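Working notes, structure below.
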Amino acid sequence: MNELTFYADLLDLPAVAVTGVAVTKSTVEIACSLTGVETLCPLCGVLCTRVNDRTTRRLRDLSISSRAVYLVVSVRQFRCSTCGSCPTERLSFADANKSYTHRQARYVFAWCRKQAYAEVGAVVGMHAKTVERLVLDQCRHAEQLPARHAQLRRLGID
């Protein structure tokens, strides 16, 4: 087993290929690319295969042996031939416009049940406001309000 397949197995991320690893005293940066060749256009629903641009996202993941782990993911932007929109690949393991993975979010959320946001932020290397927003997002996700509101039949007000 070579080093790249070791990290790919360790991360256990779907549709991700590890392309490189850089280890320092305090961090592990894992370069990744998505293995899919197409994405669905959110406007018209057509499969887009023509790559328009590339960008990288640097996502914080769970630490390994007291080293901060960052996933540097190469993300492609496609051009829809039908409507002309430019959808970007979605990551199954991270939300759009977030700088951390779902694993990291669950870990921080579990810590925040027992400690203050500032203390958790100091331990995991995040700002307290970022930790607070992360906890609020996790609570919204756990509540599943749209599904609960769909079951509502009557609303009584006293």
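The values are calculated or read from the model by the stated rules, or taken from the named source; none is laboratory data. Keep in mind it's a predicted model, so treat the numbers as computed, not measured. Backbone-built Cβ (ideal geometry, glycine too); neighbour counts: all protein chains shown. Side chains included, ligands, DNA and RNA excluded: accessible areas come from the protein's heavy atoms. Shrake-Rupley method; radii C 1.70, N 1.55, O 1.52, S 1.80 Å.
Show the residue pairs that are 6+ apart or on different chains and have beta-carbon atoms under 7 Å apart, the first residue being within the stretch 105-121 and over 12 Å from Arg133 (Cα atoms), the second being part of a helix (DSSP H, G or I) and open to solvent by less than 70 Å² (accessible area, probe 1.4 Å).
Trp111/Val120; Ala118/Ala128; Val120/Val108; Val120/Cys112; Val120/Val131
For Phe6, which of the numbered conditions (1) within 19 Å of the chain's Cα centre (by Cα); (2) closer than 30 Å to Val123 by Cβ; (3) not hydroxyl-bearing (Ser, Thr, Tyr) fails to hold?
Result: Phe6 passes all but (1).
Mind listing whichever residues of the stretch 46-89 are at pLDDT 90 or above and either more than 20 Å from the chain's Cα centre (by Cα) or among the aromatic types (Phe, Trp, Tyr) (or both)?
Passing the criteria: only Tyr70.
Output yes when any residue across the stretch 42-58 is among the hydrophobic types (A, V, I, L, M, F, W, C), touching a Leu at 6+ places or on another chain (Cβ under 6 Å) and open to solvent by less than 60 Å² (accessible area, probe 1.4 Å), and no when none is.
Checking the stretch 42-58: not a single residue is among the hydrophobic types (A, V, I, L, M, F, W, C), touching a Leu at 6+ places or on another chain (Cβ under 6 Å) and open to solvent by less than 60 Å² (accessible area, probe 1.4 Å).
Return only the number of the condition from (1) modelled with pLDDT under 90; (2) under 19 Å from the mean Cα position of the chain (by Cα) that Arg113 does not satisfy.
Among (1) modelled with pLDDT under 90; (2) under 19 Å from the mean Cα position of the chain (by Cα), the lone unmet condition for Arg113 is (2).
Pairs, please: C-beta under 9 Å, at least 6 apart or cross-chain, first residue touching a residue at least 12 places away in the same chain (Cβ under 8 Å) and more than 9 Å from Thr82 (Cβ to Cβ) and in the stretch 41-54, second of a type in the set (A, V, I, L, M) and surrounded by 13 or more Cβ atoms within 10 Å (Cβ to Cβ)?
Arg54/Val75
What is the one condition in (1) surrounded by 12 or more Cβ atoms within 10 Å (Cβ to Cβ); (2) without any contact (Cβ under 8 Å) to a residue 40 or more places away in the chain; (3) outside any loop (DSSP other than H, G, I, E, B) that Ala22 does not satisfy?
(1)
Taking Asp61 as the residue in question, decide whether it is charged (D, E, K, R) and closer than 17 Å to Arg103 by Cβ.
Spelling it out, Asp61 is indeed charged (D, E, K, R) and closer than 17 Å to Arg103 by Cβ.
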